[in-house]
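> Please read through the structure below; I'll follow up with questions.
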Amino acid sequence: MASTIAGLGLRSLRKLQSRTADQQSSLQQAGLFFRNFIRHPLMLGSAIPSSRYLINRILDRVDWTSVRTAIEYGPGVGTFTRPMLSRMTTGAKLLAVELNQDFSFALREQIDDSRLLVQHGSAIYVNRWMRSKGLASADLVLSGIPYTVLPRELRLRILRETRKALAAEGVFAVYQYTRAVLPDLQEVFGSVEEDFEPINVLPARIFYCRV
Ligand SMILES: C[S@@+](CC[C@H](N)C(=O)[O-])C[C@H]1O[C@@H](n2cnc3c(N)ncnc32)[C@H](O)[C@@H]1O
């Protein structure tokens, strides 16, 4: 009886320790994100990472059993990257393309998962990065890039390269704080479906684009 109670106490203590470690690492990630926002506000477009409501709204719609290759643009501190990996099958790959060097470095250091391939650079070169890593086409591309602050020519180039990278049934999911990018998405993609997540700083517009 005493040993059962001691066992239960130890388990609760371990659970508490692991919860505290998770909270600490979330705080560290938020700190790294905020420091980089101060240095590169336009590149990041937001001072804090996406909310779990936004993450779940987007990721819950995906049929993860049919995703062999996923790509993430602008993973930042890995806010979507970790939950994506936890939903992906064991044989799938996730290519995370990040323009910010600090974030690319932190992702490589902190996420120990052989399915994750981190590429420091711009999403414009997505097809080059895919070729260099032996990835044929993407079933899912998720984008957190703040498109509204980019010059239109650059924005269109990223969108056109993404269309080329997608598999025939692939989906390009984009989250933004405004609808300003919608006309460009409609110009490049065959269909665009809209969604909205209010519980996020700022409330997010979501677009699901298909070839
Ligand atoms: C709004 S933050 C999103 C961060 C994270 N995915 C989230 O949801 O919390 C935008 C991210 O896009 C990255 N970024 C901006 N332009 C990029 C580009 N051309 N290619 C790849 N990443 C880019 C920024 O460095 C930043 O990490």
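> How do 35-41, 98-104, 137-143, 167-173 rank on mean C-beta neighbours within 10 Å, highest first?
Working: 35-41: 13.3, 98-104: 19.3, 137-143: 22.6, 167-173: 17.6.
By packing density, highest mean first, the sequence is 137-143, 98-104, 167-173, 35-41.
> Just reorder 197, 161, 187 by solvent-accessible area, largest first, 1.4 Å probe, all chains present.
On the way: 197 10, 161 45, 187 105 Å².
So, going from the largest accessible area down, we get 187, 161, 197.
> Sticking with this structure for a sec: Stretched out fully, how many nm does the piece from residue 114 to residue 101 gain, at 0.36 nm a residue minus the Cα gap? Numbers along the way, then the final one.
On the way: separation 13, 0.36 × 13 = 4.68 nm, distance 2.02 nm.
Taking residue 114 through residue 101 to full extension adds about 2.7 nm, to one decimal.
> So, one more: Based solely on its DSSP helices, what 222 nm [θ] is calculated for the chain when runs of n ≥ 4 H residues each add -39,500 (n - 2.57) and the sum is averaged over all residues, nearest 500 deg cm²/dmol?
Values: 8 runs with 95 residues, N = 211.
Rounded to the nearest 500, the figure is -14000 deg cm²/dmol.
> For residue 167, what residues show an amide H to amide H distance below 5 Å, using hydrogens built from the backbone and excluding near sequence neighbours?
The list, which skips near neighbours in sequence, is 138, 139.
> To the nearest 0.05, how large is the calculated FRET efficiency for residue 210 and residue 48 if R₀ is 30 Å and r is the Cβ-Cβ distance? Write out the running numbers ahead of the final one.
Working: r = 30 Å, r/R0 = 1.01.
After rounding to 0.05, the efficiency reads 0.50.
> Between residue 168 and residue 132, with labels modelled 7 Å along Cα→Cβ, what's the label distance in nm to one decimal, could you check?
About 3.0 nm, to one decimal.
> For the chain, return all DSSP H helices satisfying: extent of Cα atoms along own axis at least 15 Å; mean Kyte-Doolittle hydropathy at least -0.5. Present the calculation step by step, with values, prior to reporting the outcome.
Values: long enough: 2-39 (56 Å, -0.27); 152-165 (20 Å, -1.17).
Once both thresholds are applied, what remains is 2-39.
> What is the sum of charges around residue 135, taking Lys and Arg as +1, Asp and Glu as -1, for the other residues whose C-beta is under 10 Å from the C-beta of residue 135? Let's see the in-between values first.
Numbers: positive: 68, 93, 131, 133; negative: none.
Local charge sum for residue 135: +4.
The values are calculated or read from the model by the stated rules, or taken from the named source; none is laboratory data. All of these numbers come straight from a predicted model, not from anything done at the bench. Positions of Cβ are backbone-derived with ideal geometry, glycine not excepted, and every protein chain shown enters the neighbour counts. The accessibility values were calculated without ligands, DNA or RNA, using every heavy atom of the protein model including side chains. Shrake-Rupley method; radii C 1.70, N 1.55, O 1.52, S 1.80 Å.
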